[in-house]
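Heads up: the structure comes next, in structure tokens.
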Amino acid sequence: MSIDFISDEQREALQEVANIGMGQAGASIAQVLGEFVELSIPQIRAVAAAEIPAALAALAGDGIASAVRQAFIGELRGEAIVIFSEHSAHDLAELLCYGDALDTPASRELLLDIGNVLVGACLGGIAGLLQTEIGFSAPSLLADQVATRQLIQAETIAARCALLVEVRFGLEKRAFRCHLVMLMPDDAVAALQRALDRFIEGL
């Protein structure tokens, strides 16, 4: 099976829908943090499972990062991964007035909370536009302050390939950077294709 498993028209529709969903996520974070959020244009590509760890490392760049993982279920299913740059937790703590209280457990909890807001707003927005129901698992810490190439291991990925949708979030005048990545396994993409076709027909 080719891993280019959505049509150009479906890809354009997904980029439009993802752009709106990511914008809603950015607005939610801006409201929480009281800071202007910068967004990149969503990038969409199909990736073989063995290439996903390298793809995530390339997105995050060289250095140290943490990551939060959250599954989503319903007609659309897969998992979202939010990758945080090394000093993101400290930037967030400063914005949220934690003072000197940011120990390791508090830092992890802060990343889980922000990841949960981002994923819920983004994927909730996408699901709403595609007129489909979606549910979420509780977020969990995938990696904590590790080299970016170690964020995820290939053997933990069940699918043969996945559709990767990625956007970068940043805060103006701060070091905070994160990437939200949506991974859908190959056997779940048919449902996404149907939802995108409905969206296209409704335009």
Worksheet item: So, in the range 139-172, of the ones that are in a strand (DSSP E or B) and of a type in the set (Gly, Ala, Ser), which residue ends up modelled with the highest pLDDT?
Response: Ser140
Fill in: Failed criterion for Leu92 (all others in (1) at pLDDT below 90; (2) over 22 Å from Leu164 (Cα atoms); (3) surrounded by fewer than 22 Cβ atoms within 10 Å (Cβ to Cβ) hold)
(3)
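So which strands (runs of 3 or more DSSP E) are wholly in the range 12-94 and hold at least 3 residues that are over 12 Å from Met182 (Cβ atoms) and among the β-branched types (Val, Ile, Thr)?
In the range 12-94, the matching strands (runs of 3 or more DSSP E) lie at 64-74.
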Item to complete: Show the residue pairs that are 6+ apart or on different chains and have beta-carbon atoms under 6 Å apart, the first residue being within the range 105-132 and hydroxyl-bearing (Ser, Thr, Tyr), the second being part of a helix (DSSP H, G or I).
Response: Ser107/Ala89; Thr132/Ala195
Practice prompt. Consider Ala106 carefully, then state whether it is of a type in the set (A, V, I, L, M), touching a helix residue (DSSP H, G or I) at 6+ places or on another chain (Cβ under 6 Å) and not in a loop (DSSP other than H, G, I, E, B).
Written response: no
Practice prompt. Among the candidates Leu118, Leu142, single out the residue that is touching a Cys at 6+ places or on another chain (Cβ under 8 Å) and surrounded by 14 or more Cβ atoms within 10 Å (Cβ to Cβ).
Written response: Leu118
Discussion item. Conditions first: (1) buried (at least 18 other Cβ atoms within 10 Å of the Cβ); (2) assigned to a loop (DSSP other than H, G, I, E, B). Tyr98 passes all but one, so which condition is the exception?
Written reply: (1)
Worksheet item: With (1) modelled with pLDDT of 90 or more; (2) surrounded by 13 or more Cβ atoms within 10 Å (Cβ to Cβ); (3) of a type outside the set (Ser, Thr, Tyr) as the list, and Gln131 as the residue in question, which single condition is left unmet?
Response: (2)
Practice prompt. Can you tell me which residue within the range 27-46, out of those that are open to solvent by 60 Å² or more (accessible area, probe 1.4 Å) and not aliphatic (A, V, I, L, M), is farthest from Ile114 (Cα to Cα)?
Written response: Arg45
Discussion item. Where the second residue is in a strand (DSSP E or B) and open to solvent by less than 10 Å² (accessible area, probe 1.4 Å) and the first is small (Gly, Ala, Ser) and lies in the range 172-192, which pairs have Cβ atoms under 8 Å and are six or more apart or on separate chains?
Written reply: none
Discussion item. Taking the conditions exactly as written (touching a Pro at 6+ places or on another chain (Cβ under 8 Å) and surrounded by 14 or more Cβ atoms within 10 Å (Cβ to Cβ)), does Leu123 satisfy them or not?
Written reply: no
Worksheet, complete the sentence: When the range 47-77 is checked residue by residue, the ones that are open to solvent by 20 Å² or more (accessible area, probe 1.4 Å), in contact with a strand residue (DSSP E or B) (Cβ under 6 Å, 6 or more places away or on another chain) and modelled with pLDDT of 90 or more are Ile64, Arg69, Ala71, Ile73, Gly74
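The values are calculated or read from the model by the stated rules, or taken from the named source; none is laboratory data. Quantities reported herein were computed from a predicted structural model and do not represent experimental measurements. Cβ: placed from backbone, ideal geometry, glycine included. Neighbour counts: every protein chain shown. Quick note on the areas: whole protein, heavy atoms, side chains included, nothing else; ligands and nucleic acids left out. Shrake-Rupley method; radii C 1.70, N 1.55, O 1.52, S 1.80 Å.
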